[in-house]
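Here the structure is laid out as structure tokens; the discussion comes afterwards.
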Amino acid sequence: MEFSVLADSYEKLEATRGRLEMMAILSELFKKAKPDEIDRIIYLSQGVVAPPFEGIEVGLGEKLVEEAISVATGYSKRRVEEVYRKTGDLGNTAEELLSSKQQMSLFSQPLSVQKVFDNFMKLAKTGGAGSQESKIKGLVELLNNSTPKEARYITRFPVGKLRLGVGDPTILDALSAYKAGDKSLREELERAYNLCSDLGLVARTLFVDGIEAIRKFRIKVFNPVRPALAERLPSAEEIIEKIGTCAVERKYDGLRLQLHKQNEKVEIFSRRLERMTPMFPEIVAGVRKQVGAKEAILEGEALAYNETGGEYYPFQLTMQRKRKYGVKEKAEEYPLKLFAFDVLYADGEDYTQRPYHERRKRLEKLIGTGSVIKLSDMIVTGNPKKLEEFFEESIEKGMEGIIAKDLNAEYVAGARKFAWIKLKRSYKGELADRVDLVVIGYFLGKGAREKFKFGGLLCAVYDEKEDMFKSIAKIGSGFSEEQMKQFEEMLGKIKVDHKLARVDSEIKPNFWVDLKYVVAVAADEITRSPTHTAGKGKDESGYALRFPRMMELREDKSPEEATTVQEIIEMYKMQKRIQLEEV
Ligand code: ATP
């Protein structure tokens, strides 16, 4: 495929304000793709050169890209900077400057998707001495052969500003529409995606081997599996009522890790499926020593644990282990333990479709003696009183609560199901659980806050069915001065001049932003609201948070992993039941 076809689609995507239209543009694009290039088309459209878990980044600084534009167009660096200041966008800068040099590109070959992809991949893999020059050269080569419109996207890509706003569910829908003409294959495609976290691979499999191969898609070591998530219920009684006799495990407050092993090779992925192997050397060693299988995928919660005192350290200390530098020192200061709670795969057997009780048995056999990996503490009970006692004991030990697990349920990758139910301590007059909201816009400061170009956030929850982000709260409190400065800076970088196609909000902030940040928010309760769009039906009001307060940035969550509309509705129902009991 010629790159111009991709650039035309990107231009259309940029201009759309609706998600359905986005899907249509993508499926039209897919129809023009050959099987051996569809994965590259998907990666490029996601702004990456490989599935995000591989962590391969093109990562060129703006200065280098400015230099490449200068070399390719023949304009001085000062002129490039001037135009950049005026347009505020490197893509538009390259486009404008290249337009006035149009005659230069008359003799050049049309760029292919393959060529663009290969050059970006080369840029990503170039490191070490002299790498800056070769990176600039690689980009200049592309710009020398590109039309002004192509240059717009070629320069935005390496600085991470492609900003097409297409989410994974939209790509899955578009793949289904390409193959079946409608969304009917979405669920099957999504299952494969949940097992491998690689949209390029899913698309290639569909294009090369058809839907049958998608149906037979299997888990693979070193492809992270999208994690199973827990529902909420307000009491031990309701949990037992819902799933009967169940396993009850402590809810450790640490980092969720997925461990992949093949012989001596070990990889560790975070809840967001980022590769974290270099950060946790003691866990890598623990897996090699204690996991008794040639190949395995297991999950657990890692946390700093004081062996002498037998106490769990608070979450903040565990979080200090998420670092690139000083790994060894911190690992000595706060070594981690991993509390293993599930096995997804072992020696050729896919366990995701086996019931919990079988998986637990396998897990118990899998973990050998050693001091790093321990099994999660667990009891099996059908008695709400016993469950309650275990819960109280967990809180006393400094944990968040418990997770009850349906003994007969499969491991449902990438979904929040009642197979797992979390119970946390609830405080009077407060929502029992914090919610994780996506920042969709922000307001300027007023009064004392005028000195910051930031006064508060407009936040949304995720509507999984529609793949849309729906407003639920304006948040003006809970920010320290430092945080306000931080938000001013962070959000200033991702401002956009219109509401994105996947955002649904009747409230207009001073600025809309790209979907990037997720914040944990506490509130007093959930109320019905005529102004917010979360859960809003034709004749029904939406939902809002009463007295929302910013708690922290959740860097471990992507926008699609924020609290969903469905969860808000469930929490609202739970809250009503508790209020009735209290009367
Ligand atoms: P939270 O903020 O409550 O952790 P979350 O959205 O990050 O919510 P949930 O799916 O709601 O994640 O809660 C499950 C999380 O609890 C898991 O992602 C995992 O990190 C953690 N966890 C701690 N102990 C266990 C356990 N024994 N079994 C499963 N998950 C556990």
Working from Cα positions, state the angle (0 to 90°, nearest 10) between the long axis of helix 384-396 and the longest principal axis of the chain. 60 degrees
In whole Å, what is the distance between the alpha-carbon centres of segment 349-367 and segment 525-583? 35 Å
With only helices counted (DSSP H, runs n ≥ 4, each -39500 (n - 2.57)), the per-residue ellipticity at 222 nm for the chain, to the nearest 500, works out to -12000 deg cm²/dmol
Theoretical FRET efficiency, 1/(1+(r/R0)^6), r = Cβ-Cβ of LYS573 and ILE395, R0 22 Å, to 0.05: 0.35
What angle, in degrees between 0 and 90 and rounded to the nearest 10, separates the Cα long axis of helix 3-15 from the longest principal axis of the Cα atoms of the chain? 60 degrees
Cβ crowding within 10 Å averaged over residues, with 122-132, 281-291 ranked highest first: 281-291, 122-132
Just to check I understand the Karplus step: with θ = phi - 60° and J = 6.51 cos²θ - 1.76 cosθ + 1.60, what whole-Hz values come out for segment 276-287, glycine and proline as x? 10, 3, x, 6, 10, x, 5, 6, 4, 5, x, 5
Summing Lys, Arg as +1 and Asp, Glu as -1, what charge do residues with Cβ under 12 Å from the Cβ of ALA124 carry, ALA124 excluded? 0
First measure r as the distance between the Cβ atoms of GLU555 and THR369, then evaluate 1/(1 + (r/R0)^6) with R0 = 25 Å and state the FRET efficiency to the nearest 0.05. 0.10
Inter-label distance, nm, simple model (7 Å from Cα along the C-beta direction), ARG85/LYS31: 4.7 nm
Give the relative contact order (percent, whole number) for segment 48-159; include only Cα pairs under 8 Å separated by 6+ residues. 41 percent
Mean Cβ neighbour count within 10 Å, used as a protection proxy, ranking 486-499, 251-264 highest first: 251-264, 486-499
In the chain, what percent of the accessible surface is made up of carbon and sulfur (1.4 Å probe, ligands and nucleic acids excluded)? 48 percent
Just to confirm, what accessible area per residue do you get for segment 132-230 at 1.4 Å probe, in whole Å²? 36 Å²
Just need the relative contact order of the chain here, percent rounded to a whole number, with Cα pairs under 8 Å and 6+ apart. 12 percent
Estimated inter-spin distance, THR126 and THR245, nm [label 7 Å along Cα→Cβ]: 6.5 nm
Using a Förster distance of 41 Å, the FRET efficiency for GLN486-GLU358 (Cβ separation, nearest 0.05): 0.30
Tell me the angle of helix 168-180 to the major Cα principal axis of the chain, expressed in degrees between 0 and 90 and rounded to the nearest ten. 70 degrees
Label-to-label distance, nm, for residues given as ASP497 and SER76 (7 Å Cα→Cβ offset): 2.8 nm
Under a point-charge model restricted to the Cβ atoms of Lys and Arg (+1) and Asp and Glu (-1), what is the dipole moment magnitude of the chain relative to its Cα centre, in debye to the nearest 20? 800 debye
Among GLY382, VAL327, ALA247, the residue whose Cα sits farthest towards the positive end of the charge dipole of segment 229-428, when +1 is placed on the Cβ of each Lys and Arg and -1 on the Cβ of each Asp and Glu, is VAL327
Segment 505-583 accessible area per residue, 1.4 Å probe, protein heavy atoms, integer Å², reads 50 Å²
Dipole magnitude (debye, nearest 20) for segment 17-125, charges at Cβ of Lys, Arg, Asp, Glu: 200 debye
Dipole of segment 372-441, positive end: most advanced residue of ALA432, VAL412, PHE391 [Cβ charges, Cα centre]: VAL412
For the chain, the Rg and Dmax computed from alpha carbons only, in angstrom: 25.2, 80
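The values are calculated or read from the model by the stated rules, or taken from the named source; none is laboratory data. Being a predicted model, the structure only gives us computed values, none of them experimental. Every residue, glycine among them, receives a Cβ derived from its backbone with ideal geometry; neighbour counts consider all protein chains shown. The accessibility values were calculated without ligands, DNA or RNA, using every heavy atom of the protein model including side chains. Shrake-Rupley method; radii C 1.70, N 1.55, O 1.52, S 1.80 Å.
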